[in-house]
């Protein structure tokens with residue numbers, strides 16, 4: 001049985017449908033991500049889990065109980081806010097102790113638990129500091145300490161790292177994951193940063209326009225997006241319009257690209273097949289396209305011309321023109337290639353996804 | 001709001017995993033059993049009762065009474081009143097003076113705000129603070145000081161007379177020009193303060209963007225800065241207009257032949273013409289409320305959502321060129337002398353020996369007698385205690401009341417009744433003090449359906465009630481403004497940490513709102529201390545406030561004593577305002 005279960009949640013704000021029919025399950029001990037562009041309803045979903053918004057319809061179950069209408073203060077979930085929401089009139093100790101005082105814990109226990117929480121976030125001895133004396137990263141840690149001090153049944157994160165600069169963000173990310181693992185907590189993490197979601201989360205739901213488009217392991221989402229919108233949102237992708245041809249060779253289905261007229265074969269199960277002669281979209285990641293100079297009879301080898309080479313540090317992005325079909329490839333070294341060269345672009349069948357265009 | 005939600009019976013089954021069953025007993029109170037007497041309901045009851053007794057009933061009573069004649073409904077009162085030339089003149093004068101006052105105050109206050117907000121020069125902060133001084137000057141005391149300074153037998157007039165060897169006083173402080181001069185002096189701070197605040201809020205990068213797009217300085221001013229200032233300017237215009245409409249002390253003491261509505265109502269009541277006073281009160285109230293609605297509607301169309309981006313830091317330009325600098329300093333000194341002069345005069349006169357100041361430019365001999373008189377005379381001391389206690393009662397009640405209102409009109413959910421509530425609370429502020437006093441006096445001057453045979457008028461309580469009604473909107477605004485500044489996420493964080501609504505209120509909201517609330521309360525207290533307009537209509541002889549004592553000393557030509565009262569009052573007010581300022585800076589720094 002999942003620990004947290006959302007069933008057909010919907011929420012409207014005036015004229016906008018913020019969340020539409022969202023269902024998902026979070027298992028015990030899981031680090032679950034809600035990933036989507038801004039305004040996709042991920043924060044609203046998180047706030048409904050926290051009890052800060054009431055859903056218009058649908059239900060939320062936690063540990064087998066319906067908590068849909070339970071007020072936030074009685075859920076016992078810790079939440080880390082995007083702007084941290086530290087109480088400006090209280091010092092670090094009182095901020096972390098806030099939830100414990102609300103529970104009328106005896107003072108010695110409060111002292112002990114606050115000390116422990118501050119040690120966990122590597123801020124021992126900061127008890128007497130004012131929160132506005134702390135750096136952004138330290139405030140962030142206090143916010144986390146405050147949320148874990150109440151020994152939350154579920155930990156909720158609302159883009160907690162978005163106010164930190166890049167290096168600090170990556171550092172904190174690792175520590176956060178380690179901390180949640182060590183405490184054996186279950187977490188729901190909202191972010192618009194796919195890299196962050198991939199690095200942190202065990203499973204991810206991709207939300208766009210208030211709906212969950214796909215839920216799965218980070219790698220599966222990245223390599224096999226089920227829908228065009230997911231493919232577009234997660235990293236760069238070559239989206240190739242094609243129609244399925246009548247004939248297929250063994251387990252490979254055969255497609256013809258609308259631009260360039262190339263024949264592409266991909267490995268695809270029968271259930272995902274589109275009807276014959278109907279337009280569909282094939283997706284392949286730039287880093288999965290191989291560029292060679294020799295035609296050695298590989299599957300899906302497409303002759304192309306180099307149009308652009310963009311140096312981007314570790315890799316180079318190479319724009320190719322294959323008889324009207326524009327492809328973007330990523331190569332570790334662009335050595336030996338220059339603009340105007342003829343080459344062969346190889347699209348490995350197992351790397352190509354067939355997208356539903358909904 | 002969680003506490004608005006219907007009770008969730010049966011969901012208390014067991015706490016979430018890993019949670020001790022903390023506070024299980026506390027949950028019960030927010031559940032169905034206590035719903036009949038929930039704190040919210042009690043608050044609502046208090047608020048409704050106060051508004052009913054203080055705002056709805058008295059005002060309705062006056063309107064209804066004005067529409068009745070010989071026991072039947074009739075418009076005869078209005079026909080009679082509006083057919084009198086004197087009344088029409090006073091309506092015209094009230095509106096005309098108010099409109100001109102708004103223009104004059106804008107003319108002084110706006111450039112001054114630009115000067116202090118945009119440029120830096122020696123002692124800028126000192127002058128900037130000084131410029132707000134007239135705001136805390138009680139109107140009656142200001143009027144008295146003006147008479148001493150520039151009245152026809154005041155210091156300036158006598159100075160000119162003696163220098164030029166004139167037979168008669170060179171001018172008389174009477175009529176429209178005198179009123180406009182005094183109004184401008186006392187009310188320009190509305191424009192000065194609000195424009196300054198508006199300017200400091202404008203993101204300097206917007207002006208920089210304008211410049212980078214090729215707009216010249218004038219264009220940036222007219223197309224970027226001024227449009228963003230509009231809300232501030234409208235708010236200032238509204239405040240000035242309403243204050244001017246309600247102005248009473250100045251027309252009373254040096255209005256000369258100018259009749260304004262407030263004065264008309266007062267004299268009608270003195271004559272015992274209750275019907276006329278009532279009808280004129282309704283007319284004055286109607287004008288004030290329409291002005292409020294007009295300005296607020298206009299303001300609503302001109303609000304800009306503040307772009308929550310990182311803006312460029314504003315920098316004040318240093319006035320560096322030698323002669324400009326000298327000029328700026330000279331202007332500053334002149335300006336501050338002008339500002340301080342009336343108060344300085346008051347201080348001077350307070351030390352003048354009684355009867356020693358007859359035809360000389362300055363009083364010829366000085367004494368402490370005026371002060372020893374008001375401090376040794378037990379009846380004079382009593383006057384101070386009266387004002388202090390009544391103002392303290394009113395301000396304290398306003399503070400408690402504001403938290404009741406604020407807790408009720410919490411941030412989420414826009415309901416219709418909340419708007420009605422906010423509007424009703426604003427009404428006593430929008431109504432001139434004369435109107436508030438007359439409506440209370442009429443409603444509770446005889447046995448009433450709300451108070452039975454208890455007659456409020458003539459008791460100690462009438463003035464505290466009037467002060468409370470007049471100044472509680474100030475405190476409510478202060479509390480609401482500080483509440484709006486609290487990040488909504490703080491309360492959400494508190495509730496996610498398990499704090500019940502009263503824990504959230506006492507541990508998060510209250511500590512954050514407190515400084516603003518206290519500052520607002522002190523302001524209300526200070527204004528109530530010098531209140532005259534309403535006091536003069538309903539005060540009780542054995543419970544006279546300071547303002548009434550000043551007016552009666554003045555009537556007896558005890559100028560020194562009147563001035564001494566004024567100086568003590570200003571000193572007390574000044575000390576309290578400094579305290580309020582300390583309070584605000586000490587907390588905003590943290």
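Of note:
Conditions tested, residue by residue: (1) within 12 Å of another protein chain (Cβ to nearest Cβ); (2) closer than 23 Å to residue A:72 by Cα; (3) surrounded by fewer than 19 Cβ atoms within 10 Å (Cβ to Cβ); (4) in contact with a strand residue (DSSP E or B) (Cβ under 8 Å, 6 or more places away or on another chain).
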{"position": "A:85", "(1), (2), (3), (4)": "yes, yes, no, no"}
{"position": "A:129", "(1), (2), (3), (4)": "no, no, yes, yes"}
{"position": "A:138", "(1), (2), (3), (4)": "no, no, yes, no"}
{"position": "A:142", "(1), (2), (3), (4)": "yes, yes, no, no"}
{"position": "A:147", "(1), (2), (3), (4)": "yes, yes, no, yes"}
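- Residue match in the stretch B:47-57 (condition: exposed (fewer than 13 other Cβ atoms within 10 Å of the Cβ) and either part of a helix (DSSP H, G or I) or touching a helix residue (DSSP H, G or I) at 6+ places or on another chain (Cβ under 6 Å) (or both)): yes
- Number of the condition not met by residue B:445 [criteria: (1) in contact with a helix residue (DSSP H, G or I) (Cβ under 7 Å, 6 or more places away or on another chain); (2) within 26 Å of residue B:270 (Cβ to Cβ)]: (1)
- Residue check, residue B:76 over 25 Å from residue A:62 (Cβ atoms), surrounded by fewer than 14 Cβ atoms within 10 Å (Cβ to Cβ), more than 14 Å from chain A (Cβ to nearest Cβ) and modelled with pLDDT of 85 or more: no
- Wholly within the stretch B:353-437, helices (runs of 4 or more DSSP H) carrying at least 3 residues that are in the same structural domain as residue B:287 (by TED's automatic domain parsing), under 30 Å from residue B:279 (Cβ atoms) and in contact (Cβ under 8 Å) with a residue 40 or more places away in the chain: none
- Within the option set A:254, A:171, A:159, being farther than 24 Å from residue A:354 by Cα and touching a strand residue (DSSP E or B) at 6+ places or on another chain (Cβ under 7 Å) holds for one residue only, A:159.
- The one condition in (1) surrounded by 17 or more Cβ atoms within 10 Å (Cβ to Cβ); (2) under 17 Å from residue A:284 (Cβ atoms) that residue A:214 fails to fulfil: (2)
- Note on the stretch A:124-216: enclosed strands (runs of 3 or more DSSP E) holding 1 or more residues that are more than 27 Å from residue A:102 (Cα to Cα) and modelled with pLDDT of 90 or more are A:187-191, A:203-208, A:211-216.
- Set A:80, A:26, A:96, A:19: member being in contact with a strand residue (DSSP E or B) (Cβ under 9 Å, 6 or more places away or on another chain), within 14 Å of chain B (Cβ to nearest Cβ), in contact (Cβ under 8 Å) with a residue 24 or more places away in the chain and buried (at least 24 other Cβ atoms within 10 Å of the Cβ): A:80
- Test: residue in the stretch B:493-507 that is within 14 Å of chain A (Cβ to nearest Cβ) and out of contact with any helix residue (DSSP H, G or I) (no Cβ under 9 Å at 6 or more places or on another chain): yes
- Checked against the criterion of being part of a helix (DSSP H, G or I), more than 28 Å from the chain's Cα centre (by Cα) and free of Cβ contacts under 8 Å to residues at least 40 places away in the same chain, the stretch B:232-251 contains not a single residue that satisfies it.
- Criterion violated by residue B:122 - all others in (1) over 29 Å from residue B:530 (Cα atoms); (2) in contact with a helix residue (DSSP H, G or I) (Cβ under 8 Å, 6 or more places away or on another chain); (3) part of a helix (DSSP H, G or I) satisfied: (3)
- Qualifying residue in the stretch B:165-188 (condition: farther than 30 Å from residue B:251 by Cα, free of Cβ contacts under 8 Å to residues at least 40 places away in the same chain and outside any helix (DSSP H, G or I)): yes
- Any hit, the stretch B:410-422, residues being under 23 Å from residue B:522 (Cα atoms) and surrounded by 14 or more Cβ atoms within 10 Å (Cβ to Cβ): yes
- Among the candidates A:51, A:78, residue that is on the phi > 0 side of the Ramachandran plot, at pLDDT 90 or above and in contact with a helix residue (DSSP H, G or I) (Cβ under 6 Å, 6 or more places away or on another chain): A:51
- For residue B:120: the one exception among (1) out of contact with any strand residue (DSSP E or B) (no Cβ under 6 Å at 6 or more places or on another chain); (2) surrounded by fewer than 20 Cβ atoms within 10 Å (Cβ to Cβ); (3) at pLDDT below 90: (1)
- Any pair with Cβ under 6 angstrom, 6 or more apart, that starts in the stretch A:104-121 at a residue that is away from chain B (no Cβ under 13 Å) and touching a residue at least 24 places away in the same chain (Cβ under 8 Å) and ends at one that is surrounded by fewer than 20 Cβ atoms within 10 Å (Cβ to Cβ) and part of a loop (DSSP other than H, G, I, E, B): A:118/A:124
- When residue B:558 is tested against (1) modelled with pLDDT under 90; (2) surrounded by 22 or more Cβ atoms within 10 Å (Cβ to Cβ); (3) more than 21 Å from residue B:472 (Cα to Cα), exactly one condition is not met: (2).
- At least 3 residues being farther than 29 Å from residue B:149 by Cα is the threshold, and among the helices (runs of 4 or more DSSP H) wholly inside the stretch B:476-590 those reaching it are B:488-496, B:501-504, B:510-529, B:559-588.
The values are calculated or read from the model by the stated rules, or taken from the named source; none is laboratory data. None of the values given here were measured: they were computed from a predicted structure. Virtual Cβ from ideal backbone geometry, glycine too; neighbours counted across all protein chains shown.
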